[in-house]
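Report on the structure given below.
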């Protein structure tokens, strides 16, 4: 199984400041035949299912604000929120869909400082 | 747009079978590109993918090793839905269960979630 490890486990950032979350996979999720990383970021708010923010490591889902961006390739990935808003308080998860069993990171809880 | 609506009981007795259904609108369970997944979430195990069913000229299933001996995911083409059955449940199977569409893309959308408690 591909193990996904996020850091940090929790993060407190001031409103308007940058938030950065990292995720490392135990093996590459880059599919060489199409040069796509089968990697996504999700946001989960209390009482709701996870919602995809970023897929193919750096493509924003329709409707997701452009303050959210994803980067990285292979085994190392980053989610950046450029200017934290109050509504961004949530738990963020990374996930690989390169191979089954699909696996998720343990989550990063993002709070306002 | 695609929507998934889950149904099923929220309380199951130990050793019995957990059964949930996910009704699909805006897509087909027989789609040649989508896959239909079940995931669960608990404080102790986090987000755990359980398995999927998909159609590529015939029906296929993939299951997580952790539940492979106890799980069945079945499509129902007449009702455009798919189901989860988990046998011989224990309190460790207490979790919020989600269905979700996947394929060669991330899991989206997700059902609303069903909290299933295993207790006598």
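Among strands (runs of 3 or more DSSP E) lying entirely in segment B:75-120, which contain 1 or more residues that are within 13 Å of chain A (Cβ to nearest Cβ)?
Values: elements: B:81-86, B:95-102, B:114-118.
Here the list reads B:95-102, B:114-118.
So which residues in segment A:91-113 are within 14 Å of chain B (Cβ to nearest Cβ) and farther than 30 Å from residue B:54 by Cα, if there are any at all? Talk me through it step by step, then tell me what you get.
We begin by selecting, within segment A:91-113, every residue within 14 Å of chain B (Cβ to nearest Cβ); these are A:91-109.
A:108, A:109, listed by residue number.
Going through segment A:70-87 one residue at a time, which ones are more than 18 Å from residue A:24 (Cβ to Cβ) and surrounded by fewer than 20 Cβ atoms within 10 Å (Cβ to Cβ)?
Just the residues of segment A:70-87 that are more than 18 Å from residue A:24 (Cβ to Cβ), to begin with: A:81-87.
A:82, A:83, A:85, A:86, A:87, listed by residue number.
Hey, does segment B:52-65 have a residue that's within 14 Å of chain A (Cβ to nearest Cβ) and at pLDDT below 95?
Our first condition is that a residue be within 14 Å of chain A (Cβ to nearest Cβ); within segment B:52-65, this holds for B:52-54, B:60-65.
Adding the requirement that they be at pLDDT below 95 leaves none.
Taking every residue of segment B:52-65 in turn, none turns out to be within 14 Å of chain A (Cβ to nearest Cβ) and at pLDDT below 95.
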Here, strands (runs of 3 or more DSSP E) confined to segment A:1-89 with at least 1 residues that are more than 14 Å from every other protein chain (Cβ to nearest Cβ) and in contact with a strand residue (DSSP E or B) (Cβ under 7 Å, 6 or more places away or on another chain) are A:4-7, A:10-13, A:19-25, A:68-73, A:76-81
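Against the condition without any contact (Cβ under 8 Å) to a residue 24 or more places away in the chain, on the phi < 0 side of the Ramachandran plot and surrounded by fewer than 18 Cβ atoms within 10 Å (Cβ to Cβ), how does residue B:58 come out, does it pass? Write out each step before concluding.
Values: without any contact (Cβ under 8 Å) to a residue 24 or more places away in the chain: yes; on the phi < 0 side of the Ramachandran plot: yes; surrounded by fewer than 18 Cβ atoms within 10 Å (Cβ to Cβ): yes.
When the stated conditions are applied, residue B:58 passes them.
The values are calculated or read from the model by the stated rules, or taken from the named source; none is laboratory data. Everything quoted here is computed from the prediction, not taken from an experiment. Neighbour counts run over all protein chains shown; Cβ positions are idealised from the backbone, glycine included.
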